[in-house]
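Taking it in order: structure first as structure tokens, then the write-up.
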Amino acid sequence: MSRIGRMPIAIPAGVTVEIAENNQVTVKGPKGTLTRVLPAEMEIKKEGEEIHVSRPNDLKRMKSLHGLTRTLIHNMVVGVTEGYQKVLEINGVGYRAAKQGKTLTLSLGYSHPVEMIDPEGIETAVENQNKITVKGIDKEKVGQFAAEIRAKRGPEPYKGKGIKYADEVIRRKVGKTGKK
């Protein structure tokens, strides 16, 4: 059995989980509501204050879906209770970010400012012009929007300029040396 898929998901107080037909799981919590249609082959059961995911057989596809389904439900439960956040840092002379309403404006050395509008359910905050925090209840959307912001000017290995995740380590390279 899948070690991850076998683990039960504990439902904390103040969270309600509903499982409809076609494995449509709705999780309601203090921070909001998330709904997702999960693979129909998986069997999702709510037993008391726990959710159990089981698979019908040991085919390779079922084994891979087993752990995935359990993790997706767990991420929904954590999202509606605690939420998710990613922190990005901007490094480089003249590189900065500003927030106005729902619009994030990035000055990244291009001839024009890059403007990004917060997607539905995602909130961005800017601290002292070089730190961006992306927050939300859907782990997938938070990670995707953070990746889109980072892609506007990824970190480069020579000077370390660009946008990077706060916990990311940039492997630095030595620049070219002149001839003698």
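The values are calculated or read from the model by the stated rules, or taken from the named source; none is laboratory data. Keep in mind that this is a model prediction, so the values were computed, not measured. Here the Cβ is made from the backbone with ideal geometry for all residues, glycine too, and neighbour counts use every protein chain on show. When the accessible area is computed, the model is the full protein with side chains, heavy atoms only, and any ligands, DNA or RNA have been set aside. Shrake-Rupley method; radii C 1.70, N 1.55, O 1.52, S 1.80 Å.
Of everything in region 21-45 that's in contact with a Gly (Cβ under 7 Å, 6 or more places away or on another chain) and assigned to a strand (DSSP E or B), which residue is surrounded by the fewest Cβ atoms within 10 Å (Cβ to Cβ)? Residue satisfying both the conditions and the ranking: L34. Comparison of M76, M62 shows that the only residue that is aliphatic (A, V, I, L, M), in a helix (DSSP H, G or I) and over 23 Å from the mean Cα position of the chain (by Cα) is M62. Scanning region 164-178 for residues that are in a strand (DSSP E or B) and closer than 29 Å to K28 by Cα turns up nothing. Determine, yes or no, whether V142 is exposed (fewer than 12 other Cβ atoms within 10 Å of the Cβ), without any contact (Cβ under 8 Å) to a residue 60 or more places away in the chain and either within 19 Å of G83 (Cα to Cα) or aliphatic (A, V, I, L, M) (or both). It is false that V142 is exposed (fewer than 12 other Cβ atoms within 10 Å of the Cβ), without any contact (Cβ under 8 Å) to a residue 60 or more places away in the chain and either within 19 Å of G83 (Cα to Cα) or aliphatic (A, V, I, L, M) (or both).
Look at E18 and say whether it is open to solvent by 70 Å² or more (accessible area, probe 1.4 Å), part of a strand (DSSP E or B) and touching a strand residue (DSSP E or B) at 6+ places or on another chain (Cβ under 9 Å). Answer is yes for this residue.
For the condition surrounded by fewer than 19 Cβ atoms within 10 Å (Cβ to Cβ), touching a residue at least 24 places away in the same chain (Cβ under 8 Å) and of a type outside the set (A, V, I, L, M, F, W, C), G48 does not qualify.
Within region 61-116, the set of residues being in contact (Cβ under 8 Å) with a residue 24 or more places away in the chain, of a type in the set (K, R) and farther than 22 Å from K141 by Cβ comprises K63, R96.
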